[in-house]
Each structure stands twice: as C-alpha cells, then as structure tokens.
Amino acid sequence: MARFQPRSPTGSAIPSLPLSRREYARALLDVASCMGERRPVVAVSSFAEGNLKDRVKNVLTGRKYSYIASFAAGAVVIIAGTVLLTGAPTKSEDISPGVSITETQDEGAEAEVISLVENFGKKLQTVSLTAPRDYVNKSIQENYGDLVSPELLSAWQKDLQDVPGRVVSSPWPDRIEILSIQKSSSEYDVKGEILEITSVEIQNGGVAAKRPIDLRVRKVENRWLIT
C-alpha cells in the first residue's frame, strides 16, 4: 500500500496515511496540476506530465497483476509443502539398513510357519485318537484339513499310529512349544514339544507332560502346510 506524505504550511511532515490505489492515482494528478499552475510544490521528475498517464494506468491496473502474482506464489508454496509432507518413501527406505530383500522375505515366511505350527498345536486336543476309526478320520479332516498337506492327511487317515492328538482323557495336549526352526531349500524343519496339561495346571499353571514333535513345513499352492 502506497503512502503519501504531504507537508503542512510550516514545513513539518503530516503523519503518513495508507492510501488506496485510486487515491494514490488521484494524488499523482493533483501533483501534476500543481506543476501546471506553477505552484510551489516540490515534485520529482517522474511526476512529469509526459508519463503521468502511464503511471496512473499502472497504479490502477497493478492490483490485477499483484493478485495474479500472489496467487501463483501461494500455489507454489502449497504444492511444495504437499510434496514435502506426503512424499512416499522409496522402496529402499522401506527396508531397514543392512537388511536385504531376501532376508525380509525369509522373516515373513518364518512368521507364517510359526503361526501355522501354533494353530496346529491348538487343534491337537480336539482329535481324540481313542474314538471309533470313522470318527477319528472325520475329526482329522475337520481339524487338520487346512493345516496339513493332502498327502499327509490321507496317510494319517490310513494309519492312525503316527497321528498327533489326544490319546487319553487327562492329560491332554494344550499347545506346541517351538524349540527351533531350520530352513532347508524351500522347506522348514520345526522341532518342538507338545505340552500337556490337566485340570491342576489350568488352576495353578505349569505343564503336566511334554512330548517331542518334529514337523516339516512346505509351501503347497501358495500355502504353507505341514507335509
């Protein structure tokens, strides 16, 4: 905003007041008219009548261009801020330093294998091996069907001798505790223990018995299964 500072008759400056563009243009005309009447007004050469028309025109139309410039500058600031705040990290930034893509994939696969074995351990108590054979085969299909490969499932249904499950009423298998996981080519060898409990352990905690179990896990049709 331009400021116009006229002087009082005593020569002291009148306090500056903010002027609009239209008022500023009128002030230019007043100064030019004073020069034409040869009044004692001090003016710079830029107020000469020759370029007065252009100055007034620039003052009155300057607002339009200043608005455009301000809008453009604001748009640049907003776009730059958005890019800085929402810029997505590159793939290399997603992976922790020192960890290769292969190692990251192995960790994900190992976590899936652990989850599979733990889910299998929770199903053991629901398969009673002392029930009639037809009932046992049906129970194996219902509880192990999504966790075991079709080949192993079929072998268990033919021969119940190696089928893990509930042998007696108490103690019963509660879960599988994983002791080690070893990757071999595209397979995982899992060693663990079946932890058995009774009603006493439910109340007081602890384990009534432990039985070793070895499992081999392989990816079959994009699913990790016990083979």
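The values are calculated or read from the model by the stated rules, or taken from the named source; none is laboratory data. Small disclaimer: the values here were computed from a predicted structure and weren't measured. Cβ: placed from backbone, ideal geometry, glycine included. Neighbour counts: every protein chain shown. Ligands, DNA and RNA are stripped out before the accessible areas are found, and what is left, the full protein with its side chains, is counted by its heavy atoms. Shrake-Rupley method; radii C 1.70, N 1.55, O 1.52, S 1.80 Å.
Is at least one residue of the stretch 162-171 β-branched (Val, Ile, Thr), modelled with pLDDT under 95, over 27 Å from GLU112 (Cα atoms) and part of a loop (DSSP other than H, G, I, E, B)? Yes, the conditions are met somewhere in the stretch 162-171.
Residues that are over 15 Å from THR227 (Cα atoms) and open to solvent by less than 60 Å² (accessible area, probe 1.4 Å): does the stretch 145-159 have at least one? Looking through the stretch 145-159, none of the residues is over 15 Å from THR227 (Cα atoms) and open to solvent by less than 60 Å² (accessible area, probe 1.4 Å). Of all positions in the stretch 109-119, at least one carries a residue that is under 24 Å from the mean Cα position of the chain (by Cα) and open to solvent by less than 50 Å² (accessible area, probe 1.4 Å). Restricting the stretch 183-197 to residues that are of a type outside the set (Lys, Arg) and open to solvent by 40 Å² or more (accessible area, probe 1.4 Å), the residue that is farthest from the chain's Cα centre (by Cα) is GLU193. Among the residues making up the stretch 172-208, a single one is farther than 29 Å from GLU112 by Cβ and in contact with a strand residue (DSSP E or B) (Cβ under 7 Å, 6 or more places away or on another chain): ALA208. Hey, could you check the stretch 181-219 for residues that are out of contact with any helix residue (DSSP H, G or I) (no Cβ under 9 Å at 6 or more places or on another chain) and in contact (Cβ under 8 Å) with a residue 40 or more places away in the chain and say which is nearest to LYS122 (Cα to Cα)? Here the residue is ARG218.
Considering (1) in contact with an Asp or Glu (Cβ under 6 Å, 6 or more places away or on another chain); (2) polar (S, T, N, Q); (3) open to solvent by less than 60 Å² (accessible area, probe 1.4 Å), the lone condition that SER180 does not fulfil carries the number (1). Just one of the listed residues (VAL207, VAL200, VAL136, VAL217) is within 15 Å of ALA111 (Cα to Cα) and either crowded, with 19+ Cβ neighbours inside 10 Å or at pLDDT 95 or above (or both), and it is VAL217.
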